[in-house]
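In what follows, a single structure is set out as structure tokens and then discussed.
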Amino acid sequence: MQHRVIASPVLAGLVALGLLASAGAQATMYRYTDENGQLVIGNTIPQEATKRGYEILSDNGRVVKTIPRALTAEEIAAREAARQAEEERQRQLEAQQELDRQLLKRFSHPDQAIRALRRKIQEMNSLIQLKRGNINVISGQLDNEQSRAADMERAGRAIPEATLEKIRRLEAQIREVEREISAQQQDIESVRKAYEEDVLRLEEITGDKRTIPLNPESENPDPETTEGAQ
């Protein structure tokens with residue numbers, strides 16, 4: 001024998017009312033600003049209003065979550081520019097830290113860098129003096145050839161092409177050595193500047209100050225440069 005369950009209309013109504021009450025208790029509420037700038041609270045939010053930002057409220061009106069407004073194109077561009085700038089700043093910082101590590105491998109104190117600078121400049125000035133000695137030798141040879149050529153002219157004799165060619169070759173050699181000396185002097189200034197930057201950086205990262213002059217007047221200068229300055 002089968003038994004049929006007949007639902008009471010009253011019971012069904014109570015169940016439905018309870019479900020609605022439960023759904024209402026769990027309904028999400030939103031607080032947002034409409035297109036007129038008015039604050040609105042409701043269980044739905046227009047799509048356009050979400051761009052202005054809104055708040056999600058609990059059933060007792062407390063803020064559960066705040067959704068910020070959408071950024072403008074200008075703000076997005078500015079944020080991206082700031083991000084790239086920070087990445088570049090970090091890259092430069094890491095590069096400088098690596099340079100500092102390499103510098104500290106070479107020198108542990110600013111005075112060490114200054115002494116190395118003096119040795120380097122002394123070596124380069126010595127090379128310049130050798131080149132000036134070469135110029136003196138070549139100039140002597142040139143004087144001899146020009147004197148011979150002058151004697152020939154005074155005697156009414158034609159100057160051989162070989163003699164003229166040798167004079168031109170000697171003059172070209174002098175010009176070439178002079179260019180080398182000029183380049184060497186520029187190299188000295190570049191080296192001096194680089195070492196001076198190293199000294200200043202060492203003072204900063206080690207906290208130690210140099211105890212010997214960076215550019216002492218007693219440093220051996222290039223004699224001809226000194227004479228030219230006078």
Taking every other residue with Cβ under 14 Å from the Cβ of Leu200 and scoring Lys and Arg +1, Asp and Glu -1, one gets -3
Counting each pair of different Cα atoms once, what's the Kirkwood radius of the range 28-77 in Å, rounded to one decimal? 11.4 Å
Per the Kirkwood treatment, what hydrodynamic radius in Å, one decimal, follows for the range 108-225 from the mean inverse distance over all distinct Cα pairs? 17.4 Å
Is there a quick way to get the dipole size of the range 28-77? I mean about its Cα centre, with the Cβ of Lys and Arg at +1 and of Asp and Glu at -1; what is the value in debye to the nearest 20? 200 debye
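Over the range 108-225, what is the relative contact order in percent, taking alpha-carbon pairs closer than 8 angstrom and at least six residues apart? Don't skip to the end; give the middle numbers.
Details: 74 pairs, mean separation 61.7, N = 118.
With pairs under 8 Å counted, the relative contact order is 52 percent.
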Selected from Ile159, Gln92, Ser126, residue furthest toward positive end of dipole (the range 87-221; charges at beta carbon): Ile159
Footprinting exposure proxy for Thr50, Thr44 (fewest neighbouring C-beta atoms within 10 Å first): Thr44, Thr50
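Based on other C-beta atoms within 10 Å, arrange Thr211, Thr163 from fewest to most. The partial results should precede the final answer.
Numbers: Thr211 9, Thr163 15.
Final ranking by Cβ density, sparse to dense: Thr211, Thr163.
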Only Cα pairs under 8 Å and at least 6 apart count here; give the relative contact order of the range 28-77 as a rounded whole percent. 32 percent
Enter the Cα centre distance for the pair the range 94-165 and the range 37-74, rounded to the nearest angstrom. 78 Å
Farthest towards the positive end of the dipole of the range 28-77, among Leu39, Asn60, Met29 and with Cβ unit charges of +1 on Lys and Arg and -1 on Asp and Glu, lies the Cα of Asn60
Tell me which of Leu117, Gly207, Val177 sits at the most positive position along the dipole axis of the range 108-225, charges placed on C-beta atoms (Lys, Arg +1; Asp, Glu -1). Val177
Please give the net charge around Leu39, taking every other residue with its beta carbon less than 13 angstrom from that of Leu39, where Lys and Arg add +1 and Asp and Glu add -1. -1
Cut-off 15 Å between beta-carbons: net charge of the residues surrounding Glu94, Lys and Arg +1, Asp and Glu -1: -2
Long-range HN-HN contacts of Tyr30 with modeled amide H, under 5 Å: Gly42, Asn43, Thr44, Leu57
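FYI, it's all coordinate maths here, none of it is from the lab. Since this is a predicted model, take the numbers as computed values, not measurements. Note that each Cβ is placed from the backbone with ideal geometry, even for glycine, and that neighbours are counted across all protein chains shown.
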